[in-house]
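**Student:** Dumping the structure here so I can ask a few things about it.
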Amino acid sequence: MQNQQETAQDVPPVRKTIKVKQTLCRRVREALLSLGGEAHRTIVIEQVARNLGHDVRQIPEDLQMQVIFSFEETWKDERKRAAYGFHLPFGEGSHRWGVRTIEALAA
């Protein structure tokens, strides 16, 4: 019994990680929509940080990396990209992020 408890504690909380990524993706989408549908990723990160209650003059580096990673990971997955509407207006390698609205996706 004790071995099972120790093994369960060693397993990383995968569900929590997935939920955090989904929440960040939603926040990125909301930020992009509030910024008119596209913006430089620095501005998007500032908007997300502001919405989370951070001082935008001192955004934690790990938050910046998590936001970038969540956008890039979602953008690279075709199914997730379609669900969130993420796109890169100037192509791969660009730091300008965009989001397509549901209406634009339907057209």
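**Student:** Counting only residues 5 or more places away or on other chains, whose amide H sits under 5 Å from the amide H of residue 86 once H atoms are built in the peptide plane?
**Tutor:** 100
**Student:** Could I have the simple spin-label model distance between residue 58 and residue 81, label points 7 Å from Cα toward Cβ, reported in nm to one decimal?
**Tutor:** 3.8 nm
**Student:** Using per-residue counts of other Cβ atoms within 10 Å, averaged over each peptide, order 73-79, 51-57 from highest down.
**Tutor:** The packing order, highest mean first, is 73-79, 51-57.
**Student:** At 0.36 nm per residue, and after removing the present C-alpha to C-alpha distance, how many nm does the segment from residue 92 to residue 50 gain when stretched out fully?
**Tutor:** Fully extending the segment from residue 92 to residue 50 adds 12.5 nm.
**Student:** Let me ask something additional. How much of residue 59 can a 1.4 Å solvent probe reach, expressed as accessible area in Å² and rounded to 10?
**Tutor:** So the heavy atoms of residue 59 present about 30 Å² to solvent.
The values are calculated or read from the model by the stated rules, or taken from the named source; none is laboratory data. It should be emphasised that the depicted structure is a prediction, and the values quoted were computed from it without experimental measurement. Cβ atoms come from the backbone with ideal geometry, glycine included; neighbour counts cover every protein chain shown. Side chains included, ligands, DNA and RNA excluded: accessible areas come from the protein's heavy atoms. Shrake-Rupley method; radii C 1.70, N 1.55, O 1.52, S 1.80 Å.
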